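K.L.:
First, the structure itself, so that you have it in front of you.
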Amino acid sequence: MGDLLLEALADKDGVVREAAADSLGLIGEVRAVDLLITALKTDKVAAVRGAAAGALGELGGTRAVDHLIAALESKEMRVRVATARALGRIGDARTVLPMIRALTDKEVLVRQAASVSLGEIRDARAEEPLLRALDDSSELVVTSALDALAKLSTPVGPGRLRGLLTDPSPGKRTLAIRHLAMVRDPIEQKLLTRDVDGVWPWIDPAEVISLQRVAQCAQKLNLAEEDVRARYQSLVRDFHLRLAW
């Protein structure tokens, strides 16, 4: 199988070369590293270069790191995304600064991949850039940055998270609810989720908490409606909730 896939990397059909690169990474064919590096650097088809980057990430090792770092400058978004993900899997410290630069890439998916990979590498140099990424216009990037900061054991202050509660993006607002709710008691966590179960999806603080929702929460949690209203009132300041009463 490995020999056939190695030969397929030179096939005239780009689709075949792409599939071969993907498969070589999946089966862990270490003999392919040099050929994959060549494909990453010279193949005319972006999909093949992206697949080669992904395979090199699966195969690990440091031999491909410098070539992958260079590929972060590719004009093709899919190559940059695959490369950022691959470097995160390899985890070499040399990739931290190039990945930090990728946090400002013009493409959302590249910034997201860089955030995820910096979380995997867990280098303290990424803390401040990831904190700045919380101001990114994309909720995908903000989500990845928050998760990465958690892996770095970097505390994100409640004040910073509360700032997201009034962001124009509903996704960012619910992200803030999710992270702020982690330190609250289980009943409060349930009150802050749409299905009153303490897990995603979380409520949007821009939406009004109605008396009908209070009744539903009371029934699900086996609480008095007065108790539910009081709990929501206690959450207003920290979560910027809007109450109908």
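K.L.:
Out of all the residues in region 1-37, which are in a helix (DSSP H, G or I), among the small types (Gly, Ala, Ser) and within 32 Å of the chain's Cα centre (by Cα)?
P.N.:
Filtering region 1-37 for residues in a helix (DSSP H, G or I) gives 2-8, 14-27, 30-37.
Those left that are additionally among the small types (Gly, Ala, Ser): 2, 8, 14, 19-21, 23, 25, 32.
Residues satisfying the conditions are Gly14, Ala19, Ala20, Ala21, Ser23, Gly25, Ala32.
K.L.:
Could you check region 37-90 and list, in sequence order, the residues that are in contact with an Asp or Glu (Cβ under 6 Å, 6 or more places away or on another chain), surrounded by fewer than 19 Cβ atoms within 10 Å (Cβ to Cβ) and under 26 Å from Ala124 (Cβ atoms)?
P.N.:
Thr62
K.L.:
Residues that are over 20 Å from Ala148 (Cβ atoms), not in a loop (DSSP other than H, G, I, E, B), not polar (S, T, N, Q) and not assigned by TED's automatic domain parsing to the domain that holds Asp136: does region 82-89 have at least one? Walk me through how you get there before you give the answer.
P.N.:
Step one: list which residues in region 82-89 are over 20 Å from Ala148 (Cβ atoms), which gives none.
No: zero hits.
K.L.:
Do you know which residues across region 168-192 are closer than 24 Å to Ser137 by Cα and not in a loop (DSSP other than H, G, I, E, B)?
P.N.:
Scanning region 168-192 gives Pro170, Gly171, Lys172, Arg173, Thr174, Leu175, Ala176, Ile177, Arg178, His179, Leu180, Ala181.
K.L.:
State whether one or more residues within region 59-68 are under 25 Å from the mean Cα position of the chain (by Cα), part of a helix (DSSP H, G or I) and at pLDDT below 95.
P.N.:
yes
K.L.:
From (1) surrounded by 15 or more Cβ atoms within 10 Å (Cβ to Cβ); (2) at pLDDT 95 or above; (3) within 28 Å of Gly2 (Cβ to Cβ), pick out the condition that doesn't hold for Pro129.
P.N.:
(3)
K.L.:
Still on this model: Go through the residues of region 182-189 one by one and say whether even a single one is more than 27 Å from Ala133 (Cβ to Cβ), buried (at least 19 other Cβ atoms within 10 Å of the Cβ) and at pLDDT 95 or above. Show your work before the answer.
P.N.:
Taking region 182-189 as the starting set, the residues that turn out to be more than 27 Å from Ala133 (Cβ to Cβ) are 185-188.
With buried (at least 19 other Cβ atoms within 10 Å of the Cβ) added as a condition, the list becomes none.
Within region 182-189, none of the residues are more than 27 Å from Ala133 (Cβ to Cβ), buried (at least 19 other Cβ atoms within 10 Å of the Cβ) and at pLDDT 95 or above.
K.L.:
Can you find even one residue in region 98-109 that is of a type in the set (Ser, Thr, Tyr), on the phi > 0 side of the Ramachandran plot and either in the same structural domain as His67 (by TED's automatic domain parsing) or surrounded by fewer than 17 Cβ atoms within 10 Å (Cβ to Cβ) (or both)?
P.N.:
no
The values are calculated or read from the model by the stated rules, or taken from the named source; none is laboratory data. None of these values were measured; they are calculated from a predicted model. Here Cβ is always computed from backbone atoms with ideal geometry, including for glycine, and neighbour counts include all displayed protein chains.
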